[in-house]
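Some notes on the structure that comes next.
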2 protein chains.
Amino acid sequence: MLQIAIVGFGNVGKCAYEAVEAAPDMEVCHVVEVSGVSAPIGMEDLWVTDIKDIGRDTDVAILCLPSRLCPDTAERLMKMGISTVDGYDIHQNIWQEKCRLDDVAKQNGVAGIIAAGWDPGSDSVLRALMEAMTPRGISYVDFGPGMSMGHSVAVKAIDGVEDALSMTIPAGAGVHQRMVYVQLEQNADIDEVTQAVKNDPYFVNDQTYVEQVPDVKALLDMGHGVRMTRRGVSGNTHNQVMEFTMRINNPALTAQILASAARAVKKQTPGCYTMIEIPVIDMLHGDKIDLINRLV
Amino acid sequence: MLQIAIVGFGNVGKCAYEAVEAAPDMEVCHVVEVSGVSAPIGMEDLWVTDIKDIGRDTDVAILCLPSRLCPDTAERLMKMGISTVDGYDIHQNIWQEKCRLDDVAKQNGVAGIIAAGWDPGSDSVLRALMEAMTPRGISYVDFGPGMSMGHSVAVKAIDGVEDALSMTIPAGAGVHQRMVYVQLEQNADIDEVTQAVKNDPYFVNDQTYVEQVPDVKALLDMGHGVRMTRRGVSGNTHNQVMEFTMRINNPALTAQILASAARAVKKQTPGCYTMIEIPVIDMLHGDKIDLINRLV
């Protein structure tokens with residue numbers, strides 16, 4: 001049984017725990033939660049409050065943390081001899097963080113998979129596959145409607161924000177609106193918060209609306225979706241049309257892909273990888289002969 | 001420039017030629033056509049009539065042959081020190097042929113990718129990816145409407161058949177009808193042909209209708225499509241719904257994936273692989289940093 005540590009026990013961490021426990025070949029050996037929240041009933045033996053208390057019996061740590069905390073945490077774990085997977089989603093920094101972690105992983109004889117959620121993650125695999133099928137053409141990715149966890153966390157980090165929800169609304173052809181619902185701390189100024197949101201790297205490229213609400217919790221729904229379309233050319237043949245759509249519980253899908261990536265990471269040579277750099281079969285449980293007979 | 005031999009110059013072979021020539025990093029060094037058809041104008045220098053006349057300058061041979069001829073041809077090429085890709089589509093034999101060619105490839109220090117069309121092929125990657133996202137659940141693959149090249153070739157091989165077209169009609173939830181249009185040789189018996197079609201391994205599991213027509217050529221359209229749906233469970237979270245659809249020129253897509261696989265096969269260690277066993281990024285042209293920045 002692959003021994004898995006869950007690092008962070010928020011929405012994604014809780015779902016990652018379920019995904020690992022549902023897998024026939026993995027089990028949770030530790031849950032790391034630094035917030036001071038005490039262990040849920042039945043999980044006391046797994047619960048630790050600092051990464052350093054994860055034992056060397058751990059094969060893989062699944063990082064269920066805000067993106068900005070992932071690379072440094074992955075580095076720390078790799079130096080402890082533990083392979084990592086994370087859902088790091090700041091697209092423009094992935095190459096740089098991957099390269100940095102690649103060095104750390106190789107120095108410590110472990111492996112990492114970075115950006116192993118659904119976008120980046122499974123959508124990245126689809127984008128790459130669609131380009132192998134139609135090297136020329138135009139792709140669009142329309143997200144939502146749905147809450148963006150990364151964007152919501154970014155807003156919550158802004159001074160004066162007590163709670164926040166960022167909804168991604170598809171406007172077609174890869175254009176999105178961001179509807180940001182904020183619950184403010186006393187004396188916070190909505191205009192200042194609005195400006196801070198609009199200037200954040202997560203929001204600066206999108207049309208963003210900020211609305212103050214009394215209670216963000218009342219709005220929360222973890223449903224999300226995507227529509228990826230590509231129209232392109234195979235060889236000299238035009239009008240090749242393909243589309244992928246899904247409608248999913250967001251933290252549950254993110255966590256499941258992280259869990260599947262945890263299985264895959266143990267099959268890689270030392271280094272840090274994105275999902276398009278690993279064979280998809282490595283993410284699956286089962287004998288190779290059965291998987292190939294069933295899926296190819 | 002990767003030197004590519006196209007083996008077989010039918011519908012897929014012609015499109016493979018175009019796909020290779022459209023790629024910035026590959027060029028066609030030989031076209032092998034054993035039928036006796038003479039070279040099209042401008043292709044005389046490339047044209048050879050026997051595999052043994054392919055030079056050792058060839059990096060990869062793309063097999064654009066009926067499935068049943070692929071494994072032995074791949075073996076012969078591998079023994080000449082040439083890596084191969086093929087669109088072998090007899091699902092139930094893929095594992096066995098892959099294992100046989102894996103040995104041959106390793107003995108000769110080359111690599112092969114088997115079943116590198118769209119189904120098996122890119123659809124296989126999608127099936128594997130969807131299972132990594134939702135380990136439990138039900139998938140359906142609905143093909144068509146469209147001509148099945150493999151099925152049509154199988155009918156053409158039956159005694160008394162002058163020409164044939166097998167159309168795949170989706171009946172929903174992965175159930176298909178086969179509409180087979182046959183043009184008979186003189187004195188051939190439609191009842192005998194019908195029985196031979198229905199008993200063929202390609203057709204034995206599907207509802208099959210055989211119709212005699214005077215001229216199969218008048219019916220040919222290379223359009224095809226697929227709808228792959230999966231409803232499943234991530235961790236303990238149900239109602240995760242995803243779907244991939246496409247509407248494509250069939251030989252053009254098959255050929256493009258073969259060409260992309262030809263790029264990938266040179267990046268693999270010796271052995272024979274299916275598409276779910278290779279990283280998708282290996283199929284793409286370009287610098288790793290650019291691909292990861294753009295696609296992940």
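Of note:
- The helices (runs of 4 or more DSSP H) falling completely within the range A:190-296 that include 3 or more residues that are touching a Phe, Trp or Tyr at 6+ places or on another chain (Cβ under 9 Å), in contact (Cβ under 8 Å) with a residue 12 or more places away in the chain and at the interface with chain B (Cβ under 9 Å from one of its Cβ atoms) map to A:250-265.
- Residue within the range A:87-108 that is assigned to a strand (DSSP E or B), in contact with a Leu (Cβ under 8 Å, 6 or more places away or on another chain) and either under 23 Å from A:Cys15 (Cβ atoms) or of a type in the set (Ser, Thr, Tyr) (or both) present: no
- Test: B:Ile113 is within 9 Å of another protein chain (Cβ to nearest Cβ), touching a Ser or Thr at 6+ places or on another chain (Cβ under 8 Å) and under 30 Å from A:Gly121 (Cα atoms): no
- Flag for B:Thr269 being more than 20 Å from B:Ala128 (Cβ to Cβ) and of a type in the set (Ser, Thr, Tyr): yes
Listed here are the residues, each with its yes/no results for (1) of a type in the set (A, V, I, L, M, F, W, C); (2) open to solvent by 10 Å² or more (accessible area, probe 1.4 Å); (3) more than 12 Å from the chain's Cα centre (by Cα).
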position: A:Ala74; (1), (2), (3): yes, no, yes
position: A:Leu77; (1), (2), (3): yes, no, yes
position: A:Ile82; (1), (2), (3): yes, no, yes
position: A:Gln92; (1), (2), (3): no, yes, yes
position: A:Ile114; (1), (2), (3): yes, no, no
position: A:Asp119; (1), (2), (3): no, yes, no
position: A:Ser122; (1), (2), (3): no, no, no
position: A:Leu126; (1), (2), (3): yes, no, yes
position: A:Met147; (1), (2), (3): yes, yes, yes
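- Residue in the range B:159-195 that is surrounded by the fewest Cβ atoms within 10 Å (Cβ to Cβ), counting only those that are of a type in the set (Asp, Glu) and either in contact with an Asp or Glu (Cβ under 9 Å, 6 or more places away or on another chain) or modelled with pLDDT under 95 (or both): B:Asp159
- Count - residues of the range B:196-220 that are at pLDDT 95 or above and exposed (fewer than 13 other Cβ atoms within 10 Å of the Cβ): 6
- Residues of the range B:56-86 satisfying the condition of being in contact with a strand residue (DSSP E or B) (Cβ under 7 Å, 6 or more places away or on another chain) and not in a strand (DSSP E or B): B:Asp57, B:Thr58, B:Asp59, B:Cys64, B:Leu65, B:Cys70, B:Thr73, B:Ala74, B:Leu77, B:Met78, B:Ile82
The values are calculated or read from the model by the stated rules, or taken from the named source; none is laboratory data. Computed from a prediction, not measured in an experiment: that's the story for all the values here. FYI the Cβ positions are ideal-geometry reconstructions off the backbone, even for glycines, and counts take in every protein chain you see. The protein model used for the area step is the full one, side chains on, heavy atoms only, and it has no ligands, DNA or RNA in it. Shrake-Rupley method; radii C 1.70, N 1.55, O 1.52, S 1.80 Å.
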